[in-house]
Amino acid sequence: MVANEMSSEFCTRHHDAHTDRAAVRAEIEILRRERLVYEQESIQSHQDLARSEAYSRTLEARITLLETEARRQEWPASGTGVRGSERVARECTYQDFMKCKPLYFKGTEGVVELTQWFERMETVFRISNCSVENHVKFSTCTLLASALTWWNSHVMTVTHDVAYSMTFGRLRKKMTDKYCPRNEMKKLEAELWNLKVIGTDVVKYNQRFQELALLCVRMFPEESDKIERYVGGLPDSDPWKHRSFKTKGQCKRAIEMDTE
């Protein structure tokens with residue numbers, strides 16, 4: 001009788017142990033499947049991220065190429081009128097460009113020096129008669145130290161042709177994003193937003209407006225936005241205050257006349 005009870009208890013424990021092991025093995029199998037699914041999802045996420053970054057680079061390259069094509073259409077190689085005669089003029093060489101003494105930029109000088117680099121570069125473009133196609137190629141030759149390292153890295157990322165076919169405006173935005181801390185940019189944007197003529201000193205207003213506008217490019221998605229902000233800072237007595245500026249050239253003439 002005792003032997004039968006012990007045998008029955010042993011069988012029961014053996015059965016329970018077998019059941020427990022089976023349950024553990026089942027749980028292990030479930031966890032393994034879940035881990036496999038997680039690993040597959042992780043791989044898919046990395047692949048999606050890689051595709052997204054590649055697509056972003058493709059879009060940037062396409063935008064740059066379209067901007068280049070647009071510039072070529074605006075300045076035809078042949079034709080009549082003023083534009084045709086301007087195109088016949090001797091093309092500015094790199095030596096011509098450097099004779100106008102552009103500033104160098106190392107990437108360590110801060111917001112003020114970057115603004116001066118932008119301003120001086122715009123001046124050099126004008127007095128050297130540098131073609132639009134060479135703006136980025138020539139201007140980036142004045143980058144030194146960490147700024148040059150940053151530019152070379154960008155060229156390797158987007159390819160040589162894409163990098164040097166972008167507009168100087170896009171280069172200016174990239175450099176501003178890189179070398180102007182966000183907190184500093186917020187201060188400059190706030191200053192530009194609230195900038196007004198003090199007294200009758202329109203010359204000082206024009207100078208500061210142009211300095212800030214070179215850096216705060218994100219504030220003006222359209223040229224009309226910049227014109228509106230400029231006119232908004234003029235005193236009511238200024239004759240340009242109540243005029244309608246439809247083109248960039250008209251606004252520039254207003255600034256030049258107010259400066260004289």
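The values are calculated or read from the model by the stated rules, or taken from the named source; none is laboratory data. Bear in mind that the values here come from a model prediction, so they are computed numbers and not experimental data. In this analysis, Cβ positions are derived from the backbone assuming ideal geometry, glycine residues included, and neighbour counts consider all displayed protein chains. Only protein heavy atoms, including side chains, enter the accessible area calculation; ligands, DNA and RNA are left aside. Shrake-Rupley method; radii C 1.70, N 1.55, O 1.52, S 1.80 Å.
Based on the Cβ-Cβ distance from Ile198 to Val112, what FRET efficiency comes out when R0 is 22 Å, to the nearest 0.05?
Working: r = 21 Å, r/R0 = 0.94.
Approximately 0.60, to the nearest 0.05.
A probe of 1.4 angstrom, applied to the heavy atoms of all protein chains, finds Arg21 with accessible area near 110 square angstrom. Shown are Met98, Met166, whose ranking by accessible area with a 1.4 Å probe and every protein chain present, most to least, is Met98, Met166.
Placing a label point 7 Å from the Cα of Ser131 along the Cα-to-Cβ direction, the residues of the stretch 145-165 with a backbone N closer than 18 Å are 161-165. With the highest mean first, a sort of the peptides 211-222, 26-37 on other beta-carbon atoms found within 10 angstrom per residue produces 211-222, 26-37. FRET efficiency for the pair Lys187 and His160, taken as 1/(1 + (r/R0)^6) with r the Cβ-Cβ distance and R0 = 41 Å, rounds to 0.70.
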